[in-house]
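The values are calculated or read from the model by the stated rules, or taken from the named source; none is laboratory data. Predicted model, so just to flag it, every value in this text is computed and none were measured. The area values use the complete protein model at the heavy-atom level, side chains included, leaving out ligands, DNA and RNA. Shrake-Rupley method; radii C 1.70, N 1.55, O 1.52, S 1.80 Å.
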Amino acid sequence: MKEWFLPRASGDTVWAVVGSPLPLIAVYLIAVNVWAFALMGFDKRRAKRRGARRIRERTLFLSALLGGGAGALLGMWGFRHKTRHWYFVVGIPLILLAEAALGVWLFSLF
(Lines give C-alpha, C1' and ligand atoms only; values in the text may rest on other atoms or scores of the structure.)
Protein backbone atom coordinates (compact mmCIF):
# COMPACT_ATOMS: atom_id res chain seq x y z
CA MET A 1 0.00 0.00 0.00
CA LYS A 2 1.29 3.42 -0.86
CA GLU A 3 1.64 6.01 1.91
CA TRP A 4 0.12 9.29 0.95
CA PHE A 5 1.06 11.49 3.86
CA LEU A 6 4.43 10.26 5.13
CA PRO A 7 7.55 11.29 3.22
CA ARG A 8 10.00 8.59 2.28
CA ALA A 9 13.58 9.03 3.45
CA SER A 10 16.30 7.88 1.12
CA GLY A 11 20.02 7.91 1.82
CA ASP A 12 21.26 10.88 3.80
CA THR A 13 18.07 12.92 3.54
CA VAL A 14 17.12 12.19 7.14
CA TRP A 15 20.50 13.36 8.47
CA ALA A 16 20.25 16.56 6.46
CA VAL A 17 16.92 17.35 8.10
CA VAL A 18 17.59 16.09 11.61
CA GLY A 19 21.32 16.69 11.88
CA SER A 20 24.08 14.26 12.63
CA PRO A 21 24.09 12.67 16.08
CA LEU A 22 27.88 12.31 16.03
CA PRO A 23 28.68 15.56 17.92
CA LEU A 24 26.29 14.60 20.71
CA ILE A 25 27.75 11.10 20.92
CA ALA A 26 31.29 12.51 21.00
CA VAL A 27 30.44 14.96 23.80
CA TYR A 28 28.76 12.15 25.78
CA LEU A 29 31.74 9.81 25.41
CA ILE A 30 34.22 12.51 26.39
CA ALA A 31 32.15 13.39 29.47
CA VAL A 32 31.75 9.76 30.57
CA ASN A 33 35.46 9.03 30.12
CA VAL A 34 36.48 12.13 32.08
CA TRP A 35 33.98 11.10 34.79
CA ALA A 36 35.38 7.53 34.97
CA PHE A 37 38.94 8.85 35.15
CA ALA A 38 37.98 11.30 37.92
CA LEU A 39 36.19 8.55 39.87
CA MET A 40 39.34 6.43 39.84
CA GLY A 41 41.42 9.35 41.09
CA PHE A 42 38.89 10.30 43.74
CA ASP A 43 38.67 6.71 45.01
CA LYS A 44 42.45 6.39 45.08
CA ARG A 45 42.71 9.53 47.18
CA ARG A 46 40.03 8.18 49.53
CA ALA A 47 41.82 4.82 49.75
CA LYS A 48 44.86 6.52 51.25
CA ARG A 49 42.79 8.00 54.09
CA ARG A 50 41.89 5.76 56.95
CA GLY A 51 38.15 5.40 57.49
CA ALA A 52 37.12 7.51 54.49
CA ARG A 53 34.02 6.56 52.52
CA ARG A 54 34.94 4.87 49.27
CA ILE A 55 33.28 4.59 45.89
CA ARG A 56 31.65 1.23 45.31
CA GLU A 57 33.37 -1.07 42.86
CA ARG A 58 30.12 -1.54 40.98
CA THR A 59 29.98 2.24 40.46
CA LEU A 60 33.46 2.14 38.93
CA PHE A 61 32.41 -0.72 36.67
CA LEU A 62 29.16 1.02 35.76
CA SER A 63 31.02 4.15 34.72
CA ALA A 64 33.14 1.96 32.44
CA LEU A 65 30.09 0.13 31.07
CA LEU A 66 28.31 3.36 30.21
CA GLY A 67 31.06 4.24 27.74
CA GLY A 68 33.92 5.26 30.01
CA GLY A 69 36.15 2.23 29.50
CA ALA A 70 39.10 4.25 28.23
CA GLY A 71 38.87 6.74 31.10
CA ALA A 72 38.62 3.95 33.67
CA LEU A 73 41.61 2.14 32.19
CA LEU A 74 43.69 5.31 32.07
CA GLY A 75 42.65 6.05 35.65
CA MET A 76 43.72 2.58 36.74
CA TRP A 77 47.12 2.99 35.12
CA GLY A 78 47.61 6.66 35.97
CA PHE A 79 46.67 6.44 39.62
CA ARG A 80 47.82 2.82 40.05
CA HIS A 81 44.41 2.06 41.48
CA LYS A 82 42.62 -1.32 41.55
CA THR A 83 45.53 -2.96 39.75
CA ARG A 84 45.76 -5.83 42.24
CA HIS A 85 42.17 -6.92 41.73
CA TRP A 86 41.99 -9.45 38.91
CA TYR A 87 38.42 -8.53 38.02
CA PHE A 88 39.50 -4.94 37.34
CA VAL A 89 42.69 -5.93 35.53
CA VAL A 90 40.71 -8.25 33.24
CA GLY A 91 37.27 -6.62 33.29
CA ILE A 92 38.05 -3.02 32.39
CA PRO A 93 40.13 -3.89 29.28
CA LEU A 94 37.40 -6.33 28.19
CA ILE A 95 34.78 -3.60 28.57
CA LEU A 96 36.96 -1.24 26.54
CA LEU A 97 37.43 -3.91 23.86
CA ALA A 98 33.66 -4.52 23.70
CA GLU A 99 33.02 -0.77 23.42
CA ALA A 100 35.55 -0.48 20.60
CA ALA A 101 33.98 -3.43 18.77
CA LEU A 102 30.53 -1.89 19.20
CA GLY A 103 31.82 1.43 17.88
CA VAL A 104 33.39 -0.18 14.81
CA TRP A 105 30.20 -2.15 14.15
CA LEU A 106 27.99 0.95 14.47
CA PHE A 107 30.37 2.96 12.28
CA SER A 108 30.21 0.28 9.60
CA LEU A 109 26.40 0.52 9.55
CA PHE A 110 26.49 4.19 8.63
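With the biggest extent put first, the Cα atoms of the range 54-104 measure 33, 17, 17 Å across the principal axes. Computed over protein heavy atoms with a 1.4 angstrom probe, the accessible surface ordering of Tyr87, Tyr28, largest first, is Tyr28, Tyr87.
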